[in-house]
Amino acid sequence: MTVIASPRGTQDILPASWPLWRHVLDRAAETAESSGYERIEIPTFEQTALFMHATGEHTDVAREMYTFEDRGGERLSLRPEGTASVFRAYFQHGMRVQPQPVKLYYMGPMFRYERPQAGRFREHHQFGCEAIGSEDALLDSSLIRLQRDFYRSCHLRPFTIQINSIGDTECRPAFLRTLVEYLRKHAGELCADCRQRIERNPLRVLDCKVESCQPILDAAPRAVNALCDGCRNHWNRLREGLEVLGIDAALNPRLVRGLDYYTRTVWEFVPEVGGSAQSTIGGGGRYDALAQAIGGSPTPGVGFSTGLERVLLNISDDFAAQLGRSAVDIFVAHLGLEAEVEALRLTGELLCAGCRVDMAFGNRSLKSQMKQADGRGARLVVVIGDNELALRSATIRDLRTGEQQTVVFENVTETATALLGGQRTSPASNDAP
RNA sequence: GUGGCCGUAGCUCAAUAGGCAGAGCACCAGAUUGUGGAUCUGGCGGUUGUGGGUUCAAGUCCCAUCGGCCACCCCA
């Protein structure tokens, strides 16, 4: 078979895994909305400049963008992340006039031209929450709580939370100077990548995973020890908030995030076991400098985003196994061309009565139609064949008990709904714990 | 972008030293004149990812390419 394959790094979400996806998507919306976040849909592509200004032109995210020129000559990019768009929308629609912070959440596909790997795609899906217009540190705490609650409601395997503060425009320059000074002093003991990064992006050196670099980096100056008064107060209040919420977050002085716009708080959720390099489930932080970067007035913001494929990877197996596929209540089987027409009519009637109904199509054996009914999770099968047609009646079989009865067409819907009683929910839809 | 492992039926995998491409599951049909979740029988299903090369002969060896996985890089 030589059909044209899906592009590298993309995936089809097939019916078998959809219940799991739906569970995660539903929990995301529920968790966000229960904390007062409202849904925002942002464009799948934006002007390239938006992302360039937001993430920094020399970041990997900017390099990995799917950028193209449209027929009108505009430079556009498929979105590599959501935060910049949400901020853009905040300004474009004058959300400053609303009570602050404005709290928004989004879900959808993101695009990055990367080399695919397990849990890493060129098109992946993110769920993110943003709170714009407040620098209250307790807001940071409440977002970490929200993100944790989302993971809990998804039945994730155990994870840890790491936090750090990387300061702001007031204290970071001084910290960077002392960091660079320290790194230069130990440059000889660092790997080649690190030596290059000392000048280009010293914060990122701290993120290096090369074994031989670890002792130097562990002993490196810490941003949390070099915070200005404002950042220190913010940091202390954030931790106070976490404590009050009973959230156990570990300080990781070497935690930095990939995008340039982060200030002060940064955090990451990491699985407890099986942690490889790209295992971060989701992360967030504060971006008080982002608004100005994209041309807006100075506006603080904080938020997180999480990869849904990575959430799926971390859902406990036994929970995933208990989610069934979507099901119907009734399956209509038939024998013969004339009976199929009657089946079509009856299916429509049952649907109108509020049942979930599917029917067989084509000329197949009754045995195989019964098998299909069973596979679709049907509770009842309605059979229409020559015998029934002659009597203008149908046989209704209860797949659980095996009992069946024959009723005239006029009474099929009434009898079927009575047999179903109040139990018309499928295993897939009652997945809320 | 760098390095490594791997691509055989829709899925999971076989195929001795280069020597006729197979099994289970799934699907369809029958055993059971018209009845599911059990069993048995048969059928459908392949340009062995793709394109070259070596050879009497390539799933097997070589090259290229595409794709997946793993480690970097980085992120979600």
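The values are calculated or read from the model by the stated rules, or taken from the named source; none is laboratory data. This one's a predicted model, so the numbers in the text were calculated from it and none came from an experiment. Virtual Cβ from ideal backbone geometry, glycine too; neighbours counted across all protein chains shown.
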**Study point:** Tally of residues being touching a helix residue (DSSP H, G or I) at 6+ places or on another chain (Cβ under 9 Å) and either among the β-branched types (Val, Ile, Thr) or farther than 13 Å from A:ALA416 by Cα (or both) across segment A:323-351
**Key:** 15
Check your understanding: Within segment A:203-235, can you find the residues that are surrounded by 14 or more Cβ atoms within 10 Å (Cβ to Cβ), touching an Asp or Glu at 6+ places or on another chain (Cβ under 9 Å) and part of a loop (DSSP other than H, G, I, E, B)?
Key -> A:CYS208, A:PRO221, A:LEU227, A:CYS228
Check your understanding: Is segment A:308-318 home to any residue that is touching a residue at least 24 places away in the same chain (Cβ under 8 Å) and of a type in the set (Lys, Arg)?
Key -> yes
Review point. So which residues in segment A:83-112 are under 21 Å from A:SER279 (Cβ atoms) and outside any strand (DSSP E or B), if there are any at all?
Key: A:ARG112
**Study point:** Selected residue (only one of A:GLY56, A:GLY9, A:GLY36 is outside the structural domain of A:GLN292 (by TED's automatic domain parsing) and of a type outside the set (Val, Ile, Thr))
**Key:** A:GLY9
Practice item. Would you mind telling me which numbered condition in (1) of a type in the set (Asp, Glu); (2) more than 9 Å from RNA strand B (Cβ to nearest atom); (3) closer than 30 Å to A:PRO19 by Cα A:GLU340 fails? Key: (3)
Study note, to complete from the structure: In the set A:TYR106, A:TYR90, the lone residue that is within 13 Å of RNA strand B (Cβ to nearest atom), in contact (Cβ under 8 Å) with a residue 60 or more places away in the chain and under 14 Å from A:GLY301 (Cβ atoms) is A:TYR106
Check your understanding: Looking at A:GLY9, is it more than 23 Å from A:PRO116 (Cα to Cα) and either assigned to a loop (DSSP other than H, G, I, E, B) or more than 15 Å from RNA strand B (Cβ to nearest atom) (or both)?
Key -> no
Practice item. Mind listing just one residue for me: the one in segment A:1-46 that is loosely packed, with under 13 Cβ neighbours inside 10 Å and basic (Lys, Arg) and, of those, nearest to A:PHE150 (Cα to Cα)? Key: A:ARG39
Point to revise | segment A:236-269, residues that are surrounded by fewer than 19 Cβ atoms within 10 Å (Cβ to Cβ), among the aliphatic types (A, V, I, L, M) and either modelled with pLDDT of 95 or more or farther than 9 Å from A:ASN164 by Cα (or both) | key: A:VAL244, A:LEU245, A:ILE247
Review point. When you go through A:GLY285, A:GLY303 one by one, which is the residue that is surrounded by 20 or more Cβ atoms within 10 Å (Cβ to Cβ), closer than 22 Å to A:THR160 by Cβ, in contact with a Gly (Cβ under 6 Å, 6 or more places away or on another chain) and at pLDDT 90 or above?
Key: A:GLY303
Check your understanding: So which residues in segment A:236-276 are in a helix (DSSP H, G or I) and of a type in the set (S, T, N, Q)?
Key -> A:ASN236
Review point. Within segment A:394-406, is there a residue that is within 13 Å of RNA strand B (Cβ to nearest atom), surrounded by 18 or more Cβ atoms within 10 Å (Cβ to Cβ) and either at pLDDT below 95 or over 43 Å from the mean Cα position of the chain (by Cα) (or both)?
Key: yes
Practice item. Name the one entry in A:LEU389, A:LEU380, A:LEU350 that is more than 7 Å from RNA strand B (Cβ to nearest atom) and over 26 Å from A:GLY324 (Cβ atoms). Key: A:LEU389
**Study point:** Residue under evaluation A:ARG152, criteria (1) surrounded by 18 or more Cβ atoms within 10 Å (Cβ to Cβ); (2) of a type outside the set (A, V, I, L, M, F, W, C); (3) in the same structural domain as A:ASP288 (by TED's automatic domain parsing), criterion not met
**Key:** (1)
Practice item. Please verify whether segment A:313-334 includes one or more residues that are farther than 28 Å from A:ARG27 by Cβ and assigned to a loop (DSSP other than H, G, I, E, B). Key: no
Point to revise | Count of residues meeting criterion [of a type outside the set (Val, Ile, Thr) and in contact (Cβ under 8 Å) with a residue 60 or more places away in the chain] in segment A:395-425 | key: 4
